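Data first, discussion second: the structure below is written as structure tokens.
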Amino acid sequence: MQWRTVHSDRSRPVTDLRNNAYVIGQSKPSFDASYLADFMTTTEDCRTAITIPSVNRPPKDCPQVLDFVGCSYLGLDNHPVVIAEAIEAQQSLYLSSARARLALDLLRALEEDLSELFSARVLVFSSGMLANLGAMPILASGRLTGGTKPLLIFDSSAHISLGYHKPVVADVTRVETIPHNDLRSLERLCRENAVVAYVCDDLCSMAGSSPLEGLRQLQERYGLFLYIDDAHSISIVGHHGEGFARSRFSQVLGERTIIAGSLAKGFGASGGLLMLGTTRQEALFRQHCVPYALSSPLNLAAVGAALGSCKIHRSAELGERQRRIAERIKVFDHRIATAEHGSLLPIRMISAGSETNAIAIARTLLNRGFHTQATFLPKTAPGTASIRVRITAEHELGNIEQLCDCILDTVAATTGKPYPLR
């Protein structure tokens with residue numbers, strides 16, 4: 001695919017950095033078919049987290065199915081400590097005041113706890129999307145790169161919560177998109193430009209990972225600024241659950257790396273976070289990051305839940321749950337070959353070929369008691385649809401074995417070919 005550089009010199013409006021009309025037009029038939037197939041209209045019992053009844057029939061008439069879609073990788077969202085702390089903290093909805101003016105004691109305690117756990121200056125946001133929304137304009141401004149506005153390079157597979165903000169930052173600095181994990185193109189641009197910042201995921205929601213060692217080498221060689229979204233590996237990787245990216249940097253994060261993460265997946269609570277490397281950066285974000293400084297904080301139940309999860313992250317239980325999920329990933333990998341074999345991230349992609357195949361396979365799996373996710377445009381290129389499976393520490397080994405049997409049978413019956421597809 002030919003990638004095109006699009007930038008703004010502020011003499012004309014940028015209108016071609018988002019492709020919403022194309023994506024909606026191309027993906028709408030698949031989304032409509034998925035809703036008709038009834039696997040995008042399911043609801044989950046929040047007290048069990050594993051079983052999902054269909055909403056198109058009364059719950060009492062629905063068979064319960066196993067959830068392989070949710071992102072609570074360690075099962076902490078229903079942990080007794082997390083629930084108890086959420087209830088204890090919920091004295092009101094939240095303090096409706098901008099954080100630049102007034103700070104909640106519990107939220108300040110949470111940021112201090114997370115900073116200690118992850119060895120960084122941690123700021124907490126209501127969501128990961130808001131964390132990235134606030135960070136992108138500051139990065140484009142040059143305030144993180146010695147006063148010089150950087151060439152801002154996005155990995156083509158960067159999550160939508162990153163790439164969605166390209167038109168905003170393109171009004172400030174030059175923006176370019178390069179193919180996924182293309183270190184050769186990135187190094188060329190580092191040689192040609194005095195200041196470069198690179199925006200990418202680490203362990204990605206569609207599985208796969210960034211070439212972190214190569215990125216660190218470019219950082220050392222050219223001063224490359226790295227902005228890494230590592231939402232999916234928080235809690236499941238690292239001695240304190242700091243995630244894959246943070247665990248690969250030195251004890252001091254430094255002034256040329258920011259890591260974004262999630263408190264709503266493996267961490268089992270709610271919200272997003274930024275790991276910053278210096279007190280100067282922390283002060284800059286507290287004062288000028290709009291979603292942080294000028295919006296309301298997380299509600300108190302979410303703050304309490306996160307504080308409860310921090311307690312678990314300091315205990316031996318975290319390691320036990322990390323080992324439990326690793327064991328379940330190995331069971332799946334032993335049965336089904338995927339490109340993600342051996343990855344620490346508990347997401348596996350089953351190639352289905354066409355969008356029609358993916359929807360049919362997901363519907364059949366749901367009928368047989370397994371809720372999985374059909375992925376297609378805009379998540380994947382046309383004709384390369386997949387079934388996404390998320391494994392958690394809460395799944396029983398027998399459930400995973402049964403899912404694998406069902407996937408192999410269903411793919412073969414739907415496509416007429418044994419898996420893996422050739």
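Please determine, by comparing only the residues of region 346-366 that are of a type in the set (A, V, I, L, M, F, W, C) and open to solvent by 10 Å² or more (accessible area, probe 1.4 Å), which one is nearest to Arg323 (Cα to Cα). Can you show your working first?
Initial filter on region 346-366 (of a type in the set (A, V, I, L, M, F, W, C)): 347, 349-350, 352, 358-362, 365-366.
With open to solvent by 10 Å² or more (accessible area, probe 1.4 Å) added as a condition, the list becomes 349, 359-360, 366.
On the way: Met349: 22, Ile359: 33, Ala360: 34, Leu366: 28 Å.
The selected residue is Met349.
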Expected output for region 247-266 (first residue farther than 23 Å from Thr148 by Cβ, partner part of a helix (DSSP H, G or I), Cβ below 7 Å, 6+ apart or cross-chain) is Arg248/Leu212; Gly261/Ala231; Ser262/Gly128; Ser262/Ala231; Leu263/Ala306; Lys265/Ala231; Lys265/His232
Any residue at all in region 394-412 that's open to solvent by less than 50 Å² (accessible area, probe 1.4 Å), out of contact with any strand residue (DSSP E or B) (no Cβ under 9 Å at 6 or more places or on another chain), more than 14 Å from Ile361 (Cβ to Cβ) and free of Cβ contacts under 8 Å to residues at least 12 places away in the same chain?
yes
Of all residues in region 144-161, count the ones that are in contact with a helix residue (DSSP H, G or I) (Cβ under 6 Å, 6 or more places away or on another chain) and touching a residue at least 60 places away in the same chain (Cβ under 8 Å).
1
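Out of everything in region 251-271 that is in a loop (DSSP other than H, G, I, E, B) and over 23 Å from Asp77 (Cα atoms), what residue ends up being most open to solvent (accessible area, probe 1.4 Å)? Don't jump to the end; show me each part of the working.
To start, the set of residues in region 251-271 that are in a loop (DSSP other than H, G, I, E, B) comprises 251-256, 263-271.
Now drop any that are not over 23 Å from Asp77 (Cα atoms), which leaves 251-256.
Values: Gln251: 135, Val252: 100, Leu253: 13, Gly254: 21, Glu255: 107, Arg256: 82 Å².
Here the residue is Gln251.
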Could you give me the residue pairs with C-beta distances under 8 Å whose first residue belongs to region 361-381 and is over 24 Å from Ala158 (Cβ atoms), whose second residue is of a type in the set (D, E, K, R) wherever it lies, and which are 6+ apart or on separate chains?
Arg363/Asp38; Leu366/Asp38; His371/Asp67; Thr372/Arg388
Total residues in region 382-401, condition touching a Ser or Thr at 6+ places or on another chain (Cβ under 7 Å) and among the β-branched types (Val, Ile, Thr):
3
Of the residues Glu340, Glu327, only one is under 25 Å from Ser209 (Cβ atoms), in contact (Cβ under 8 Å) with a residue 24 or more places away in the chain, surrounded by 20 or more Cβ atoms within 10 Å (Cβ to Cβ) and of a type in the set (Asp, Glu); which?
Glu340
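Each row is one residue, and each column tells you yes or no for (1) modelled with pLDDT under 95; (2) under 17 Å from the mean Cα position of the chain (by Cα).
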site: Asn193; (1), (2): no, no
site: Val199; (1), (2): no, yes
site: Gly208; (1), (2): yes, yes
site: Gln219; (1), (2): no, no
site: Gly223; (1), (2): no, no
site: Asp230; (1), (2): yes, yes
site: Ile234; (1), (2): no, yes
site: Val237; (1), (2): yes, yes
site: Gly241; (1), (2): no, yes
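Condition check: of a type outside the set (Ser, Thr, Tyr), assigned to a helix (DSSP H, G or I) and out of contact with any Asp or Glu (no Cβ under 7 Å at 6 or more places or on another chain). Does Glu213 satisfy that?
Yes, satisfied.
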Search result, residues across region 272-297 that are under 12 Å from Ile138 (Cα atoms), of a type in the set (S, T, N, Q) and open to solvent by 40 Å² or more (accessible area, probe 1.4 Å):
Gln287
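Okay, residues lined up against (1) of a type in the set (S, T, N, Q); (2) in a loop (DSSP other than H, G, I, E, B); (3) open to solvent by 20 Å² or more (accessible area, probe 1.4 Å):
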position: His180; (1), (2), (3): no, yes, yes
position: Leu186; (1), (2), (3): no, no, no
position: Cys200; (1), (2), (3): no, no, no
position: Val237; (1), (2), (3): no, yes, no
position: Glu242; (1), (2), (3): no, yes, yes
position: Phe249; (1), (2), (3): no, yes, yes
Please enumerate the residues belonging to region 367-379 that are open to solvent by 20 Å² or more (accessible area, probe 1.4 Å) and under 16 Å from Thr410 (Cα atoms).
Asn367, Arg368, Gln373
Those residues that are open to solvent by 40 Å² or more (accessible area, probe 1.4 Å), assigned to a helix (DSSP H, G or I) and touching a helix residue (DSSP H, G or I) at 6+ places or on another chain (Cβ under 8 Å), I need them from region 311-324; list them, please.
Lys311, Arg321
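The values are calculated or read from the model by the stated rules, or taken from the named source; none is laboratory data. Remember, predicted model here, so these are calculated numbers, not experimental data. No Cβ is skipped: glycine too gets one built from the backbone with ideal geometry, and neighbour counts run over all protein chains shown. When the accessible area is computed, the model is the full protein with side chains, heavy atoms only, and any ligands, DNA or RNA have been set aside. Shrake-Rupley method; radii C 1.70, N 1.55, O 1.52, S 1.80 Å.
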